[in-house]
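Worksheet for the structure shown next.
The values are calculated or read from the model by the stated rules, or taken from the named source; none is laboratory data. Remember, predicted model here, so these are calculated numbers, not experimental data. Here the Cβ is made from the backbone with ideal geometry for all residues, glycine too, and neighbour counts use every protein chain on show. Heavy atoms of the whole protein, side chains included, go into the accessibility calculation; ligands, DNA and RNA do not. Shrake-Rupley method; radii C 1.70, N 1.55, O 1.52, S 1.80 Å.
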Amino acid sequence: MLDYILNASKDKDCVIIYMTDHGISQRRIHIYKLTDTTVKAYCYLRKSMRTFKKDAILSAAPVRG
């Protein structure tokens, strides 16, 4: 299900709940590229391109509006 949401959100914004080394973080991202194991996206929190591991993403939802 997560892959379906991430694929549907490609080239759009979505919100992810993500497991970091320091705990859980919520991020608003704009997805540019998906691979089997990673999501390359612009992170609005960090104001830069980031690569997120798919197995560390706990949930994802498209941004409406």
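Could you state the accessible area per residue of the chain in Å², with a 1.4 Å probe and every protein chain left in place? Can you show the working numbers first?
Numbers: 4500 Å² over 65 residues.
Per-residue value: 69 Å².
From the phi of every residue in segment 8-15, what ³J(HN,Hα) in whole Hz does the Karplus formula 6.51 cos²θ - 1.76 cosθ + 1.60 yield, where θ is phi - 60° and glycine or proline is x?
For segment 8-15, the Karplus curve yields 5, 8, 4, 6, 9, 8, 8, 10 Hz.
Looking at the chain, identify the longest residue range that excludes and avoids all trypsin sites (Lys or Arg not before Pro) in DSSP loops having at most 16 other Cβ atoms within 10 Å. The partial results should precede the final answer.
On the way: sites that count: LYS10, LYS12, ARG46, LYS47, ARG64.
By the stated rule (loop sites, at most 16 other Cβ atoms within 10 Å), 13-45.
Along the charge dipole of the chain, Cβ charges K/R +1 and D/E -1, which of ILE31, THR20, MET1 sits furthest on the positive end?
ILE31
In the chain, how does Rg compare with the Kirkwood Rh, expressed as the Rg/Rh ratio over alpha carbon atoms?
Numbers: Rg = 10.5 Å, Rh = 11.5 Å.
Dividing the radius of gyration by the Kirkwood radius yields 0.91.
Is it possible to state the helix-based mean residue ellipticity at 222 nm for the chain, with each DSSP H run of 4+ residues giving -39500 (n - 2.57), the sum divided by total residues, to the nearest 500 deg cm²/dmol? What is it? Walk me through the intermediate numbers first.
Details: 1 runs with 7 residues, N = 65.
When only DSSP H runs of four or more count, the value is -2500 deg cm²/dmol.
About its Cα centre, how strong a charge dipole does the chain have in debye, to the nearest 20, once Lys and Arg get +1 and Asp and Glu get -1 at the Cβ?
Numbers: 12 positive and 6 negative charges, 59 e Å.
Charge dipole, the chain, about its Cα centre: 280 debye, nearest 20.
Counting only protein heavy atoms and a 1.4 Å probe, tell me what percentage of the chain's accessible area is made up of carbon and sulfur.
Numbers: 2300 of 4500 Å².
Ligands and nucleic acids excluded, carbon and sulfur reach 51 percent.
What does the extension gain come out to for LYS47 and ASN7, with contour length at 0.36 nm per residue minus their alpha carbon separation?
Working: separation 40, 0.36 × 40 = 14.40 nm, distance 2.21 nm.
Length gained, LYS47 through ASN7: 12.2 nm.
Calculate the length of the line joining the C-alpha centroid of segment 44-59 to that of segment 1-30, in whole Å.
So the separation of the two Cα centres works out to 6 Å.
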